[in-house]
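The values are calculated or read from the model by the stated rules, or taken from the named source; none is laboratory data. Model, not experiment: these values are computed from the prediction. Positions of Cβ are generated from backbone atoms using ideal geometry, with glycine treated the same way; all protein chains shown enter the neighbour counts. Side chains included, ligands, DNA and RNA excluded: accessible areas come from the protein's heavy atoms. Shrake-Rupley method; radii C 1.70, N 1.55, O 1.52, S 1.80 Å.
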Amino acid sequence: MFLATCMVSVALAENAPLLVDDCVKCHSEETAQIASNGASHKTEINCLECHRGHRPSSQNNIPNCNECHSGSAHYDISDPCLGCHNPHQPLNIHIVDEHKKVCVSCHASPEKQMVDNPSQHATFACTFCHADTHGNIPECLSCHESHAESMSQADCSTCHQAHMPLVVSYPDNTSSVLCASCHDSVFETLSTSKTKHSQISCATCHVGKHMTVPACNDCHGTPHSKTMHERFPKCGDCHNVAHNLNK
């Protein structure tokens, strides 16, 4: 009688449908991850829509990611998805090893900047800087020495963009002190000058892009007689450099 009861119980268990609520009975960690950070894997699907059946009766119950995810270059890469993504918390991206191809499959703009503006930064894997966790942005000073001891990360980004660092550009209100951190002798000459040039910022003349050198007549026009300008076509012949204006 006991044996018959056991056989009936086994038969009923084999025929009983597996429910989503059953998953947490064994897989508490995975269901907790889904509940807290599952993103669309929580809101759009459930456990059994990914894991069709259960082992051993269903041997291949872990699907490939591209069975659902397709339509962009990111999903066509050969690198294993699970190298960065835990499917139970897919947006908590933990990065292992060096990657570039997988990164630029989503982040095309930084890749274009690096290709169009070659620098040493372009030779590194993306994960050399953006290490360990997706979205990690390191401070420049973690690798680079500052131009001056007083400079901070905010000062670096005033002039440099990480993906095209040699294209130095800056806003019109950039402090001349930042320029002086590299161009100290020029700044000293300008700041000790007795002319009006000493009262304006570097960025007023060197507008927008590093090494922009304006013509004097961009601001001053032709202040002398026509004869004088014909005789001395170069302002510097009389006025020396703009930072000094030796008369």
Theoretical gain in end-to-end length, Arg55 to Thr212 [0.36 nm per residue, Cα-Cα removed]: 49.7 nm
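Quick one: if the Förster radius is 35 Å, what FRET efficiency do Thr189 and Phe128 give, using the C-beta to C-beta distance and rounding to 0.05? Walk me through the numbers on the way to the answer.
Values: r = 40 Å, r/R0 = 1.13.
Approximately 0.30, to the nearest 0.05.
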Gyration tensor (alpha-carbon) shape descriptor, the range 11-61, a/c threshold 1.5: prolate
Backbone HN-Hα couplings from phi across the range 218-230 [Karplus 6.51/-1.76/1.60, Hz, Gly and Pro as x]: 4, 9, 9, x, 10, x, 9, 5, 4, 4, 5, 5, 5
Neighbourhood charge, 14 Å Cβ-Cβ cut-off, centred on Asn117 and excluding it, Lys, Arg +1 and Asp, Glu -1: 0
Relative contact order (%) - the chain, alpha-carbon pairs under 8 angstrom, separation at least six: 11
Principal axis dimensions, largest first and in whole angstrom, of the range 13-130 by Cα: 64, 24, 23
Percentage relative contact order, the range 133-247, counting C-alpha pairs under 8 Å, at least six apart: 21
Surface accessible to a 1.4 Å probe, Ile34 within the full protein complex, Å²: 40
Note, ³J(HN,Hα) from phi for the range 148-159, Karplus 6.51, -1.76, 1.60, rounded to Hz, x at Gly and Pro: 8, 4, 7, 6, 10, 4, 4, 5, 4, 6, 5, 10
Of Leu166, Leu178, Leu141, the one that fluctuates the most in a GNM where the chain has Cα springs shorter than 10 Å: Leu141
Accessible area in square angstrom per residue, the chain, 1.4 angstrom probe: 73
Residue-wise HN-Hα coupling along the range 21-38, computed from phi with Karplus coefficients 6.51, -1.76, 1.60 (Hz; x: Gly, Pro): 5, 6, 4, 5, 5, 10, 9, 5, 5, 5, 5, 5, 5, 4, 4, 8, 9, x
GluC sites (Glu not before Pro) within the range 6-105: DSSP coil, no more than 10 neighbouring Cβ in 10 Å: Glu44
Cross-link partners of Lys100 among lysines (Cα-Cα below 25 Å; sequence separation of 8 or more within a chain): Lys112
Three-way shape call for the range 33-79 based on the alpha-carbon gyration tensor, with the a/c threshold at 1.5: oblate
Rounded Å value of the spacing that divides the Cα centres of the range 35-96 and the range 157-225: 53
Computed Rg/Rh of the chain, alpha carbon atoms with Kirkwood Rh: 1.31
Three-way shape call for the range 107-166 based on the alpha-carbon gyration tensor, with the a/c threshold at 1.5: oblate
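Relative to the present Cα-Cα distance, how much length would full extension add between Val168 and Ala154 at 0.36 nm per residue of separation?
Numbers: separation 14, 0.36 × 14 = 5.04 nm, distance 1.45 nm.
Gain in length upon complete extension: 3.6 nm.
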Heavy-atom accessible surface of the chain: percent carbon and sulfur, 1.4 Å: 58
